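Single-structure report; data block below.
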Amino acid sequence: MAHKKGVGSSKNGRESAAQRLGIKIFGGQKVVAGNIIVRQRGSKHNAGNNVGMGKDDTLYALVDGTVQFHKGKRDKSYVSVIPEAQA
């Protein structure tokens, strides 16, 4: 009699883990240099002043300060970090 061996797990395991994209630090919140502000695919938000962009389009703070989202040319969204006043 022809039977399949009852392994079962061969049909499972194709679901990929979520990528956890999105805004991590919102406008008006404080950041430390190096903090990730936005994880994204493509440049939905663009890097403004004191913000760097990683090779996977992640935006991160270059200086300590406060996050600011604003619109720029052609209604594009930009993210900037306003540095804290040096005392």
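The values are calculated or read from the model by the stated rules, or taken from the named source; none is laboratory data. These numbers were taken from a predicted model, which means no experiment stands behind them. Neighbour counts run over all protein chains shown; Cβ positions are idealised from the backbone, glycine included.
Are any residues in region 56-71 over 18 Å from Pro83 (Cβ atoms) and surrounded by 13 or more Cβ atoms within 10 Å (Cβ to Cβ), and if so, which ones? Once the filter is applied, which keeps residues that are over 18 Å from Pro83 (Cβ atoms) and surrounded by 13 or more Cβ atoms within 10 Å (Cβ to Cβ), region 56-71 yields Asp57, Thr58. Ala85 - would you say it is modelled with pLDDT under 95 and not acidic (Asp, Glu)? Here the answer is yes, as Ala85 does meet what is asked. Out of all the residues in region 9-55, which are without any contact (Cβ under 8 Å) to a residue 12 or more places away in the chain and surrounded by 10 or more Cβ atoms within 10 Å (Cβ to Cβ)? The answer is Gly52, Met53, Gly54.
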